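Following: one structure in C-alpha cells, then a few remarks.
The values are calculated or read from the model by the stated rules, or taken from the named source; none is laboratory data. Just so it is clear, the model here is predicted, and its values are computed rather than measured. Note: ideal-geometry Cβ built from the backbone for every residue, glycine included; neighbour counts use all protein chains shown. For accessibility, only protein heavy atoms count, side chains too; no ligands or nucleic acids. Shrake-Rupley method; radii C 1.70, N 1.55, O 1.52, S 1.80 Å.
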Amino acid sequence: MKNRQKCKSALILSIILIIDQICSPSMSSPIHTNESIHPAALLIDDKSESIRPRELLIDDKTESVPEQRAPVSGAVVEGLTRRILGKEIELERLNTLFRQKTTVTSNWRQRRMFAYGEGNAAITLSGLLLALPSLYQVADKKIPPGSKEKPGSSPSQMNNTRAATRLYLIANAYGAGGDVLELGLNFINYCSLRKKGFTPSLYRKQVHRLHAEIDNLIKQRRLALTSVSDFSVQDKKLAEAEGKLLSDLRDLYLTEYLDYHAGCKRFWLVQNGAYLTDFVKNATGGVGNIIGLQAYHLHNPALFGGEGLMTLISGAIILVVPLVGRVTGNISGLAARRIVSQEAADVHTFSADTYAADFNSFLAMKESPATQTYYATAAFDRRPLYEDQEKNMLMRNQFLKKEQKDARNTLIENIIFAGIVGPTKMTNGTLTMIAGWHYRDHPINASRLYAAGTTAYAVGSAFSVLETARLAAEFEWSNWKLRNSDLLPSNQFNRRLRMLDNMDSFLNK
C-alpha cells in the first residue's frame, strides 16, 4: 500500500515537472523578446514585426529609444581634436591662397596704369598747346564795323589745329589700347586661376567639402565626449573648453571665406568696370576726334558741333569712372555675400575677441591640479598652435583695415581728380558745340569759343599730367618702404602661409 502511494506521488511530481518545463521558455527557444536584441542596434516594429534601424520609432506615438553608446577612450577624443585642427588649418590655407592669387595687384600693373594715364594726358596736352596759338590768332582779329565776319584761319593755322586733333586721336587710342590690354591680361589670369582651382565657384566647392568634413568631425568629437571612459570630470571640462576653440576657429575661417569670396567678386568687378568705363571714355573721345578730322577734310564747320558733343560725353564719363566700378563692385560683393552666407547660417563666432576670451578660459584651466592627465598634457602642449592662430587672425585684421583705408583714400583721390579734369573737358565740349553749330559762319567768334574751351581743357590736362606723376611717385615711395619693412601684401600672405605650414608640422610631429 505504501509502495503504491509512493509511486503515485512520484508520478504526480513527474507530471508537474513536465508541465513546468513546457510552460517555461528554454534558453534555446527561437522566439526572441526585446531584451534579447542589443539596444544599440535594432528595434522591432509592432505592426510588421520587421527589424528597422534604431533611428526609427517603435510606432508613431512612442518616443525614440535613448541611444546607448559603447565607452570610448580619451585617445579617440585626442585623435579627433588633431584631425579637426588639421582640417581647419587646411581651410585657412585655402582661404589665404585664394585671397593672395585673386586680389593682390602686381606692382607692374600699377606702373602700366601710370604709363597709360601719363601718356594719354601728355599727348592730349601737347595737342592742346599746339592748337592754342592758332586759335588765339584768329580770335584776336578785329571785326570791321558794319560788316559780316568773313576772315578765317590761314592754311598754317588750319594745319596746326588739324595736327592737334590728330594728337587727341592718338592719345585716346593709346588710352583705349591700355584698357583693352589690361582686360585681356585679366582674362588670361582668370583662365590660369581656373586651371589651378582658384576661381570663386571652384573655391566655393572646396570650402563646401572642408566645411562638411569639419562639421562631421566636430559632431563625432562631441558624441565621443558623452561616452568617454577614462576622463575625469575636469578632463571633460577641459575637452569641452578646447571644443569651443575648435568651433570658434571653424566659424572664423568660414567668416573669412564669406569675406574673401564676396571680396573677390567685388574687386574683379571694380577693376574691370573701371577699365571698361575708361575704354568707353577714350572711345567716345576718339569718335569725336574722327568727326573733327572729317570736318577739316570736308571744310564743314558744322561737324565741329558733333565733335564737341562727343567731347562733352567723354568728359562726363570721366566724372563717373571712379564711381561706376565702385558702385557696381559693391553691389556684386553684397549679392555674392548674401548668397554664400546662407551656407554658413550656423556660424556664431564672428569676432576674434570671442576666440581670445575662450582661449583665456582654456588657459585658466591649466592651474587646476586635476588636469595632470595625458589628455590635459596633450591639450596644453597645443597652446603654441592656438596662440599662432590668434596671431594669424590679428595679422589678417590689421591687413584688412589697412587695405580698406588705402582703398578709401584712393577712391577720394580719384573722385577729386575726376572732379577737376572732367568738367574742363566738358567745358571744351560745350563751347565747341556752340561754336560749331551756332557760329559756324562766324569763324572769329567761333575761334574765341574754341580758344576758351581749349584753354580750360589744357588746364585740366596739365593737372592730370602732374597728378598722375605725383601718384606714381607716391606709389613707388610707399612700395619701397613696405619692401624694406617686409610688409608688402605678397610678403604678408607668404608669412601667413609659412605660419600655417609650421602649425601643420607642429600638429603632425
message: Please go through region 337-365 and give me each residue that is exposed (fewer than 14 other Cβ atoms within 10 Å of the Cβ), part of a helix (DSSP H, G or I) and among the charged types (D, E, K, R), ordered by number.
response: ARG338, ASP353
statement: Only one of (1) in contact (Cβ under 8 Å) with a residue 12 or more places away in the chain; (2) closer than 29 Å to ASN409 by Cα does not apply to PHE359, and that is (2)
Only listed residue being open to solvent by 10 Å² or more (accessible area, probe 1.4 Å) and farther than 28 Å from LEU193 by Cβ, chosen from LEU334, LEU293, LEU269: LEU293
- prompt: Going through region 200-238 one residue at a time, which ones are surrounded by 15 or more Cβ atoms within 10 Å (Cβ to Cβ), polar (S, T, N, Q) and under 20 Å from GLU256 (Cα atoms)?
  reply: GLN206
statement: From the option list THR277, THR284, single residue qualifying as touching a Ser or Thr at 6+ places or on another chain (Cβ under 6 Å) and under 13 Å from ILE317 (Cβ atoms) is THR284
- prompt: Cβ-Cβ below 6 Å, separation at least six or inter-chain, first residue in region 72-98 and open to solvent by 10 Å² or more (accessible area, probe 1.4 Å), second polar (S, T, N, Q) and at pLDDT below 90: which pairs?
  reply: VAL72/SER227
- prompt: List pairs: first in region 249-261 and within 17 Å of PHE198 (Cα to Cα), second open to solvent by 10 Å² or more (accessible area, probe 1.4 Å) and charged (D, E, K, R), Cβ under 6 Å, 6+ apart or cross-chain?
  reply: LEU258/ARG337; TYR260/ARG99
task: Tell me which of these TRP480 doesn't satisfy, since it passes every other one: (1) buried (at least 18 other Cβ atoms within 10 Å of the Cβ); (2) within 42 Å of the chain's Cα centre (by Cα).
output: (1)
- request: Assess whether ALA376 counts as being of a type in the set (Gly, Ala, Ser), over 25 Å from PHE493 (Cα atoms), open to solvent by 50 Å² or more (accessible area, probe 1.4 Å) and over 19 Å from the mean Cα position of the chain (by Cα).
  value: no
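From GLN220, GLN206, which residue is in contact (Cβ under 8 Å) with a residue 60 or more places away in the chain and more than 27 Å from the chain's Cα centre (by Cα)?
The conditions single out GLN220.
Results for (1) in a helix (DSSP H, G or I); (2) under 30 Å from LYS101 (Cα atoms); (3) open to solvent by 30 Å² or more (accessible area, probe 1.4 Å); (4) not hydrophobic (A, V, I, L, M, F, W, C), shown as yes or no for each residue.
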site	(1), (2), (3), (4)
GLY429	yes, no, no, yes
THR432	yes, no, no, yes
ILE444	yes, no, no, no
THR468	yes, yes, no, yes
GLU474	yes, yes, yes, yes
LEU497	yes, yes, no, no
ASP501	yes, yes, yes, yes
